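First the structure, in the form of structure tokens, and then the observations on it.
The values are calculated or read from the model by the stated rules, or taken from the named source; none is laboratory data. Worth saying up front: this structure is predicted, and the values here are computed from it rather than measured. Don't worry about glycine lacking a Cβ; one is built from the backbone with ideal geometry, like all the others, and counts go over all protein chains shown. Ligands, DNA and RNA are stripped out before the accessible areas are found, and what is left, the full protein with its side chains, is counted by its heavy atoms. Shrake-Rupley method; radii C 1.70, N 1.55, O 1.52, S 1.80 Å.
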Amino acid sequence: MAGLLCGTKRKQQVSDLHEEGKNAINAPLLPSGTDIHPEDTLLEENAERIMLDPTSRENPKFKDLLKVLIDWINSELEEERIIVKDLEEDCYDGQVFQKLFEKLSGRKLNVAEVTQSEIGQKQKLQTVLEAVNDVLRPHGWTVEWSVDSIHSKNLVAIIYLLVALAMHFQAPIRLPEHVSVQVVVVKKREGILQTALMTKELTSTTEMMMGRFERDAFDTLLDHAPDKLNVVKTSLITFVNKHLNKLNLEVTELESQFADGVYLILLMGLLEDYFVPLYNFFLTPESFEQKVHNVAFAFELMQEGGLKKPKARPEDVVNLNLKSTLRVLYNLFTNYKTSA
């Protein structure tokens, strides 16, 4: 009799779960075509699960964002012989995030190299995410990820984390701007599953993602005194030509002529009075990557000369971002304006 009662109870539980899942699927706010997996309906009271709406997966900008992030990870972890093909399937256990964070930060984490059990994977994730959060939080990043969301293969949480790491560590990539997706949020309230559709912004503008919320003189200049912009540009052109003329070079357009990094490198050699070996940079760069290499190398020379690390990203200069180029050149101007 006891066995019969237990069997009946288990059948009732299964029936309840089936009914609960069916209610979630049939909920009026749930977009058609959304896949609800059994685990998505097994929620504790007041818990929630977020799923990406299938239509968002087909968004070209979203696909572009995925490709950029995957290519970046594989480039960073090439020496580790780690190849990522699918963010959800390859990042959930913490191994990729561990190796990526260690490579970017230069910090070794005290975690097991290989963990097969769910408990072990979550423990590794906990350690990795604590280290990541300690680095990102002080710089204004909102934590949009957790151990449970990453381990449950929540693609939105995984992307949020990767974007934050890429921007904070100034990855040599260009993320597509203003990428948003639709997500289905499933919550359990008083034993009933409720669904809602929300929009999540995965990327904004490059400057906002870089954490440049403070406005500087160039923001004010461009917004409120554009008529004075030519005066500033003329002063900077006069400054750079004073030195580049020694090599029979002349600048007339700041944003375009510094975009490949060659003039920046030569200018640094002139300002610091040394010859830059031609094998250190591309004298006639053709690809975007070669131009980024040149600008990044020029930034290294600036830091070796005692200047602060430029706020601009090499990619910003290569992409003809006027404010970024002005910031870099003005930094040189203020430090070397008395140079002969």
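Okay, residues lined up against (1) farther than 18 Å from VAL262 by Cβ; (2) of a type outside the set (Ser, Thr, Tyr); (3) surrounded by 23 or more Cβ atoms within 10 Å (Cβ to Cβ):
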residue: ALA298; (1), (2), (3): no, yes, yes
residue: LEU301; (1), (2), (3): no, yes, no
residue: LEU307; (1), (2), (3): yes, yes, no
residue: ASN319; (1), (2), (3): no, yes, no
residue: THR325; (1), (2), (3): no, no, yes
residue: PHE333; (1), (2), (3): yes, yes, no
residue: LYS337; (1), (2), (3): yes, yes, no
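Before we move on, is PRO176 open to solvent by 10 Å² or more (accessible area, probe 1.4 Å) and modelled with pLDDT of 85 or more?
It is true that PRO176 is open to solvent by 10 Å² or more (accessible area, probe 1.4 Å) and modelled with pLDDT of 85 or more.
Looking at region 234-257, I want the residues that are among the aliphatic types (A, V, I, L, M) and have a partner that is not in a helix (DSSP H, G or I) with Cβ atoms under 6 Å, at least 6 apart or on another chain. Which pairs are those?
ILE237/VAL251; VAL240/VAL251
Where the second residue is open to solvent by 80 Å² or more (accessible area, probe 1.4 Å) and not aromatic (Phe, Trp, Tyr) and the first is on the phi > 0 side of the Ramachandran plot and lies in region 104-128, which pairs have Cβ atoms under 8 Å and are six or more apart or on separate chains?
none
So GLU286 clears everything in (1) surrounded by 21 or more Cβ atoms within 10 Å (Cβ to Cβ); (2) part of a loop (DSSP other than H, G, I, E, B); (3) not small (Gly, Ala, Ser) except one condition, right? Which one?
Result: GLU286 fails condition (1) only.
Identify all residues within region 91-124 that are under 19 Å from GLU76 (Cβ atoms) and either surrounded by fewer than 10 Cβ atoms within 10 Å (Cβ to Cβ) or of a type in the set (D, E, K, R) (or both); write none if there are none.
ASP93, LYS99, GLU102, LYS103, GLY106, ARG107, LYS108, GLU113, LYS124
With closer than 21 Å to ILE159 by Cα, out of contact with any helix residue (DSSP H, G or I) (no Cβ under 6 Å at 6 or more places or on another chain) and in the same structural domain as LYS153 (by the TED database) as the only criterion, which of SER117, SER75 stands out?
SER75
In region 124-173, how many residues are out of contact with any strand residue (DSSP E or B) (no Cβ under 8 Å at 6 or more places or on another chain), more than 27 Å from PHE297 (Cα to Cα) and in a loop (DSSP other than H, G, I, E, B)?
Count: 8.
How many residues does region 142-163 hold that are touching a residue at least 40 places away in the same chain (Cβ under 8 Å) and open to solvent by less than 60 Å² (accessible area, probe 1.4 Å)?
Residues flagged as touching a residue at least 40 places away in the same chain (Cβ under 8 Å) and open to solvent by less than 60 Å² (accessible area, probe 1.4 Å) within region 142-163 amount to 14.
Could you tell me whether GLU315 is open to solvent by 40 Å² or more (accessible area, probe 1.4 Å) and not assigned by the TED database to the domain that holds GLU177?
No: the conditions fail for GLU315.
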